[in-house]
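> Shown below is the structure under consideration.
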Amino acid sequence: MEVLDERVLAGFGIEPKYIRKVKYMYIVKCSRGSFVIRKADADSKRIMFVSGIKNGLKRKGFRRFFDFEAAVDGKPYFEFEGANYIMTPSGRDTVSPEYTREGDFREILRSFGAFHRAGAFGESSEFKDFFGEDIKSVFSTYEERLKRMRKQVYRKRRLDDIDYIFLKNYEYYYKACEESLEGLEKFGIDREEFSARNNGKIVLNNADEETMSLYPTGVFFNDMLRLEAGTPLKDLRIIINRFLKKNRQPFLKISEILEEYGRRSPLSPNAVRLLYYMLIFPERYIKTYWDYYKKGRAFTPVYVKDSIKRMVEERERDRGYIEEIKGF
C-alpha cells in the first residue's frame, strides 16, 4: 500500500499520531486535530484561485466548506516531487447527504442556493483563466458525436443489440439535441454566460454525494477544486439530473426543487427557460455510447445495454417531469 511520505507531513508541520488511507486520501490525526491529506488534481494556480474564492466567500458570510490548511511556507498546498498536496479538516465523522432522502436533498438545494448567492464577486481579471466551456459549444460537440456514431454504426458489417437500440432511438435523441440548442439560442444562453462571468459568478461543477458532508447546520462542501466562473444553472442542471437518476419515483416536483433553491438564490423567468433547455439535452445518453464506441472503456456489453435501456425506458418520465418547469 502506498505510504504517505514523512516529508509531506513535515511540509504541513504535523507529527501524526495515526494515519489511515481511505481511497485516494489519508486521514491523519495529530495534536491539532483530524485532517485529510491528498494529492490535488490541480495545479498551483488553480489551488490559489480556489483558496482566494474561499476567503471571499467567508467575507460574505458563507462558510459551508473546509478551508485549506496552510503549509509551513504559508501556501495553501505543499509541493512534493511534482505533485501538489492539500490538507483540510476531516469531515469523516459525518455522513454524506443522500439524494434519495428528502431532508438531505433539501439541504443540498439550500447549500447550493446560499453558495451561488454568495458567489458573485464582480468583474475581476483573475476569473478569465477559470471560465468554463460555454454550454452551447459543449452541447454542439455532443450532437456532432451523435452524428458521427451513426455513420460508424452504418459502416459495421454486423450489428449487435446495442447498435440496434442506437439506430432505433437516433431520431428521438437528435431532435432533443436540436430542440435544446435552438431554445438556448432563442433565450440567450450566451448573454447569460457573459453576464455570469462578468459578475464573477462561480459554480462548483460537482454535486456528488461523496464531495459533501451533512452537519446539523446543513451541507458542507469537501471538494471545490473543480470550481470555475460561470452560470449557476450549470450546477442546478447537475443536481436535478442526479436527483432523477437516483429516484425512479421523484418525491419532489421540479417546481418544489426550484422553490427550495430559489429561497436562497432566486431564478429569473428567463433563467428557468434556459434551465429547461439545458435539462432536455441528452448528454448522458450520448456520453454512454461515446465511451462505449470510441474510448474503449472497460464496459461490458451487458452493463452498457442495461444502462441504455433504462435511459430509454425512463426518458418519457424524465421529459414529463422536466416539462413541469413551464408552469413555474
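> Which count do you get for residues in region 178-213 that are modelled with pLDDT under 90 and part of a loop (DSSP other than H, G, I, E, B)?
Within region 178-213, residues that are modelled with pLDDT under 90 and part of a loop (DSSP other than H, G, I, E, B) number 2.
> Could I ask something else about it? Looking at 39, 23, 60, which is the one that is in contact with a strand residue (DSSP E or B) (Cβ under 6 Å, 6 or more places away or on another chain), under 21 Å from residue 212 (Cβ atoms), without any contact (Cβ under 8 Å) to a residue 60 or more places away in the chain and charged (D, E, K, R)?
On the way: 23 fails: in contact with a strand residue (DSSP E or B) (Cβ under 6 Å, 6 or more places away or on another chain); 60 fails: in contact with a strand residue (DSSP E or B) (Cβ under 6 Å, 6 or more places away or on another chain).
Matching residue, one of 39, 23, 60: 39.
> Which one of the conditions (1) more than 23 Å from residue 41 (Cβ to Cβ); (2) of a type outside the set (Ser, Thr, Tyr); (3) open to solvent by 10 Å² or more (accessible area, probe 1.4 Å); (4) out of contact with any Ser or Thr (no Cβ under 6 Å at 6 or more places or on another chain) does residue 192 fail to meet, given that it meets all the rest?
Going through the list (1) more than 23 Å from residue 41 (Cβ to Cβ); (2) of a type outside the set (Ser, Thr, Tyr); (3) open to solvent by 10 Å² or more (accessible area, probe 1.4 Å); (4) out of contact with any Ser or Thr (no Cβ under 6 Å at 6 or more places or on another chain), residue 192 breaks only (4).
> I'd like to check which helices (runs of 4 or more DSSP H) are fully inside region 267-328 and have at least 1 residues that are under 16 Å from residue 254 (Cα atoms) and open to solvent by 30 Å² or more (accessible area, probe 1.4 Å). Write out each step before concluding.
Numbers: elements: 269-279, 283-293, 301-323.
Helices (runs of 4 or more DSSP H) meeting the threshold: 269-279, 301-323.
> Within region 11-28, count every residue that is of a type in the set (D, E, K, R) and open to solvent by less than 100 Å² (accessible area, probe 1.4 Å).
Let us first name the residues in region 11-28 that are of a type in the set (D, E, K, R), namely 15, 17, 20-21, 23.
Retained after the next criterion (residues that are open to solvent by less than 100 Å² (accessible area, probe 1.4 Å)): 21.
The number of residues fulfilling the criteria is 1.
> Moving on. Could you tell me whether region 201-223 includes any residue that is of a type in the set (Lys, Arg) and over 16 Å from residue 111 (Cα atoms)?
Taking region 201-223 and keeping what is of a type in the set (Lys, Arg), we get 201.
Next cut, over 16 Å from residue 111 (Cα atoms) only: none.
Checked against the condition, which is being of a type in the set (Lys, Arg) and over 16 Å from residue 111 (Cα atoms), region 201-223 yields no hits at all.
> While we're here: Applying the selection to region 63-117, what residues are of a type in the set (A, V, I, L, M, F, W, C) and under 30 Å from residue 259 (Cβ atoms)?
65, 66, 95, 105, 108, 109, 112, 114, 115
> Among the residues of region 214-266, write down those that are in contact with a Leu (Cβ under 7 Å, 6 or more places away or on another chain) and either part of a loop (DSSP other than H, G, I, E, B) or hydroxyl-bearing (Ser, Thr, Tyr) (or both).
Within region 214-266, 224, 226, 227, 250, 261 qualify.
> Now, a different point. Considering each residue of region 68-93, count those that are touching a helix residue (DSSP H, G or I) at 6+ places or on another chain (Cβ under 6 Å) and without any contact (Cβ under 8 Å) to a residue 40 or more places away in the chain, and give that number.
Selection size over region 68-93: 3.
> For residues that are buried (at least 20 other Cβ atoms within 10 Å of the Cβ) and of a type in the set (Gly, Ala, Ser), tally how many sit in region 65-89.
Total satisfying the criteria: 1.
The values are calculated or read from the model by the stated rules, or taken from the named source; none is laboratory data. Just so we're clear, the structure is a prediction, and the values are computed from it rather than from any experiment. Note: ideal-geometry Cβ built from the backbone for every residue, glycine included; neighbour counts use all protein chains shown. Protein only, heavy atoms only, side chains kept; ligands, DNA and RNA dropped before computing areas. Shrake-Rupley method; radii C 1.70, N 1.55, O 1.52, S 1.80 Å.
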